[in-house]
Amino acid sequence: MGSDADMEDYGFEYSDDEPEEQDVDIENQYYNSKGLVVTDPEGALAGFAEVVHMEPEQAEWEFKALKQTVKLYYRLGGYKEMMEAYSVMLMYIKSAVTRNYSEKCINNIMDFVSGSASQNLSLLQEFYQTTLKALEERLWFKMNLKLCKIWFDMGEYGWMSMLLKELHKSCQKEDGTDDQKKGTQLLEVYAIEIQMYTETKNNEKLKVLPLRSGPTQV
């Protein structure tokens with residue numbers, strides 16, 4: 001399920017002068033649980049839940065335990081439980097872990113889910129929308145662009161077209177003209193539009209796109 005490093009304890013009482021000892025126990029609990037993922041998934045889920053309970057406040061090991069819980073519920077087909085765990089995990093991205101690490105983990109889970117979700121498009125859509133609600137504006141664009149590429153790979157051009165409209169709108173000024181300050185993002189949107197129109201042989205749209213994207217300066 002991907003490699004991590006995490007920390008929590010086994011439920012003992014600890015005084016304030018025993019933080020390192022407690023961290024070791026938390027870490028052991030996390031890895032013991034991770035070792036059960038294949039042979040005893042239910043036991044692994046219980047173990048990860050214990051990691052969450054052992055953490056006194058939002059912290060990295062708790063975040064990682066929730067990440068593993070999300071993946072495991074997905075593998076078991078427990079989509080409702082998966083989304084509940086994921087929603088909780090997203091509450092930690094601004095306090096328990098660094099921005100870079102949270103982005104990496106979110107992308108990792110998205111790749112994990114989208115890689116086998118071709119038969120469950122509604123779940124994939126819910127997953128992305130839940131993510132977008134928790135992210136800052138700069139990540140909103142990146143995540144939507146990622147989803148757009150997934151729709152392209154799946155041949156879901158209807159979903160893709162709707163999302164491209166949102167992406168392009170986010171790069172416009174209030175008067176509807178392209179915001180040249182977002183030139184790089186505009187080029188990314190045009191690039192994937194060209195891919196879609198080429199794949200669907202929509203030559204009329206292809207003729208118009210260069211005129212729209214030409215003036216853009218990065």
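Are any residues in segment 185-211 under 21 Å from residue 150 (Cβ atoms) and among the β-branched types (Val, Ile, Thr), and if so, which ones?
189, 192, 194, 198, 200
Could you list, ordered by first residue, the pairs with Cβ atoms under 6 Å in which the first is in segment 40-55 and without any contact (Cβ under 8 Å) to a residue 60 or more places away in the chain and the second is in a helix (DSSP H, G or I) and acidic (Asp, Glu), at least 6 apart or interchain?
Close Cβ pairs satisfying both conditions: 52/62; 55/62.
Of the residues in segment 166-202, how many are assigned to a helix (DSSP H, G or I), at pLDDT 85 or above and of a type in the set (S, T, N, Q)?
2
Can you pull out the helices (runs of 4 or more DSSP H) entirely within segment 42-156 that have at least 2 residues that are among the hydroxyl-bearing types (Ser, Thr, Tyr)?
60-76, 79-90, 99-114, 121-134
The values are calculated or read from the model by the stated rules, or taken from the named source; none is laboratory data. Keep in mind that what you see is a predicted model, and the values were worked out from it rather than measured. As a convention, Cβ positions derive from the backbone with ideal geometry for all residues, glycine included, and neighbour counts pool all protein chains shown.
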